[in-house]
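Inspection log for the structure reproduced underneath, given as structure tokens.
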Amino acid sequence: MKYAGLGLFGLAALAAASDVHELTGATFSDFVSENDLVLAEFFAPWCGHCKALAPEYEEAATELKAKSIALAKIDCTAEEDLCKTQEVTGYPTLKIFRGASNVQPYSGPRKAQAIVSYMTKQSLPSVSLLHTGEALEEFKTADKVVLVGYFGKDDKTSNVTFEEVADELRDSFLFGATSDPALAKAEGVTPPAVVLYKTFDEGKNTFEEGFTKEKLTTFAKTASTPVIGEVGPETYAGYMAAGIPLAYIFAETPEERASIAKTLKPIAEKHKSKLNFATIDAGAFGQHAGNLNLEVGNWPAFAIQDTQKNQKFPFAKQGSASDLSAKSIGKFVDDFVGGKVDPSVKSEPIPEKQEGPVTIVVAKNYQDVVIDNDKDVLLEFYAPWCGHCKALAPKYDELATLYKSHSDKIVIAKVDATLNDVPDEIQGFPTIKLFKAGSKDAPVDYSGSRTVDDLISFIRDNGSHKIDVSSAETASAEGVETDGMPMQAPAATASGAAEKVKEKVKEAAGWVKDSLLDDEDADEHDEL
């Protein structure tokens, strides 16, 4: 792993100086009751993701100790009953405790400073009241991005709107407010107004018109995004949650990324409300270029991802900085915004003959097999390297065999999501969805145990045709049991369609897997 270089002495010293509290079933309840705010990690010693998180978690614990925010860890191989009670289904699982009964999942990035920032926000009220100039100045620099509302004392409407936005976005931003007219005057704003202060670009942006929850939310998300930022494990989820396309600039060195960013900045500024621009370290995350249908290894390169439709638009020329000139990229982006660029579709060939009980789907026949028919279609999205998928395969084959006589109403299918562009949001492998007849635009996600009987019940209860079959004639499925596996394997792709913010946060896990795990380790670890 990345941290092998610490050596035995370094690891021993780290353990001795740990600010992370190790809890057991006997100490857990008292600890979360005695501390106002606790971040607890439920882990397994063998888990690769847990090992990668450990030094980041230690660093965050030390910094948060000064803010009276406690970080703890629980070894689920030793404390099985406690982890079962806390409904831990994968490793690591991070949860925030405000006492024993107030529990919520941690959904932030898993880097030290991101943990510190996230937990600091959790420790504060959704809106901090700022009564003095000194308090305002201190608050402005409390995080990379903060929002301050300037309201009249009797303006309850604006205050309520601001608080509603703060409640929804508290995991992402710090919110403050003041009703002191002198502070508003000093900032050059007329209440009601919101100023977003940031440590990049122009330093701040002001919102003063159309004071609605929707417009204020859009302002916060748009103004907080750099004109040209950087894509990585800590920022990817935010870009996916922004709801607008993302333009990637792949380059190997910081110097080249900075140079190309400077060249393309006027284009990014021109289209700021329509798409985001970001550089990406091609050395660390170059494999993601393949997800965007670029040639991996041929740098620099440029591509646009429509996160709403899960479509990719790679720029044809790559390999030289001169290919990414302001003129050529400017025209490409103008054409994209104008709807003049066709998406690139990666697909395996359509099978000449469907062999085996499971129907093979590729991008080129996806519409015909999955969407344009009156059948219920159960579709597994898999990856060839995924251990969970391999373990499921014999049961999935058996399932398909059971429905053979109902092929006019039900199709059991699978698609290799690493080799085919699909329009559906995939966070992990295997992902199973039921596209029911008459409601193909609203597939039902399967989240039950991976057994033949449970899949049969799922199809019967959720399908339009309500077909019921029995697995009795084949008894219980032979092969490797998969229902005991904790969670999905993390997706190797980082491509995405627009989705709920929570799903985007999960999708960011793929970045961490790519940067911390070797390919041969991928089957061993649960979703981060």
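The values are calculated or read from the model by the stated rules, or taken from the named source; none is laboratory data. Model, not experiment: these values are computed from the prediction. Positions of Cβ are generated from backbone atoms using ideal geometry, with glycine treated the same way; all protein chains shown enter the neighbour counts. All accessible areas refer to the heavy atoms of the entire protein, side chains included, with ligands and DNA or RNA removed. Shrake-Rupley method; radii C 1.70, N 1.55, O 1.52, S 1.80 Å.
Descriptive notes on the structure:
- Here the gap between S107 and K156, fully extended at 0.36 nm per residue and compared with their Cα-Cα distance, gives a gain of 14.5 nm.
- Fully extending the segment from D408 to K65, taken as 0.36 nm per residue of separation minus the present Cα-Cα distance, adds 117.2 nm.
- For segment 109-213, a simple Cβ point-charge model (Lys and Arg +1, Asp and Glu -1, everything else neutral) yields a dipole of about 380 debye relative to the Cα centre.
- Counting DSSP beta bridges with both ends in the chain, the antiparallel % (nearest 5): 50 percent
- Rounded percent of accessible protein surface that carbon and sulfur make up, the chain, 1.4 Å probe: 50 percent
- Ordering I115, F173, V146 by Cα displacement along the dipole of segment 109-267 toward the positive end leaves I115 in first place; charges were set at the Cβ atoms of Lys, Arg (+1) and Asp, Glu (-1).
- Overall, the chain carries a charge dipole of about 1600 debye about its Cα centre when +1 sits on the Cβ of Lys and Arg and -1 on the Cβ of Asp and Glu, all other atoms neutral.
- Dipole orientation for the chain: of the candidates G188, L37, F336, G188 has the Cα lying most toward the positive pole (charges on Cβ; Lys, Arg +1; Asp, Glu -1).
- Estimated vicinal HN-Hα couplings, Hz - segment 284-292 in sequence order (Karplus 6.51, -1.76, 1.60; Gly, Pro = x): 8, 10, x, 4, 5, 4, x, 5, 9
- Ordering L392, T431, A363 by the projection of their Cα atoms onto the charge dipole of segment 346-433, which places +1 on the Cβ of Lys and Arg and -1 on the Cβ of Asp and Glu, puts L392 at the extreme positive end.
- Student exercise, segment 232-353 dipole from Lys, Arg, Asp, Glu Cβ charges, in Debye to nearest 20: 440 debye
- Checking (1) 141; (2) 183; (3) 204 against volume of the Cα convex hull per residue in Å³ calculated from these atoms, the matching label is (2).
- Amide H partners (placed H, <5 Å) of F277, local residues excluded: G229, A247
- The chain, accessible area per residue, ligands and nucleic acids excluded (1.4 Å, Å²): 46 Å²
- Take every pair of alpha-carbon atoms less than 8 Å apart whose residues are at least six positions apart; their mean separation over the length of the chain yields a relative contact order of 12 percent.
- Acute angle (nearest 10 degrees) that the helix 213-223 long axis makes with the longest principal axis of the chain, alpha-carbon atoms: 90 degrees
- Sites A284 and A78, calculated FRET efficiency, Cβ-Cβ separation with R0 30 Å, nearest 0.05: 0.30
- Between E252 and E163, the FRET efficiency estimated from the beta carbon spacing at R0 = 60 angstrom works out to 0.85.
- The amide H of E348, built 1.01 Å from its N in the peptide plane, has A363, K364 as neighbours under 5 Å, considering only residues 5 or more places off or on other chains.
- Rolling a 1.4 Å probe over the protein heavy atoms leaves K215 with an accessible area of roughly 110 Å².
- Rounded to the nearest 10 Å², the accessible area of K221 at probe 1.4 Å: 70 Å²
- Across segment 158-273, the mean sequence separation of Cα contacts (distance under 8 Å, 6 or more residues apart), normalised by length, yields a relative contact order of 20 percent.
- Overall dimensions of segment 274-413 by Cα: Rg and Dmax, Å: 19.6, 59
- For the chain, the longest piece that avoids every one of the GluC sites (Glu not before Pro) found in DSSP loops with at most 10 other C-beta atoms within 10 Å covers 210-351.
- Helix axis angle, 7-16 relative to the chain longest principal axis, alpha carbon, degrees: 60 degrees
- Stretchable slack from T27 to E352, in nm (0.36 nm times residue separation minus alpha-carbon distance): 110.8 nm
- Taking every DSSP beta bridge that has both ends in segment 297-447, the antiparallel portion is near 55%.
- Span from the segment 215-262 Cα centroid across to the segment 105-151 one, whole angstrom: 21 Å
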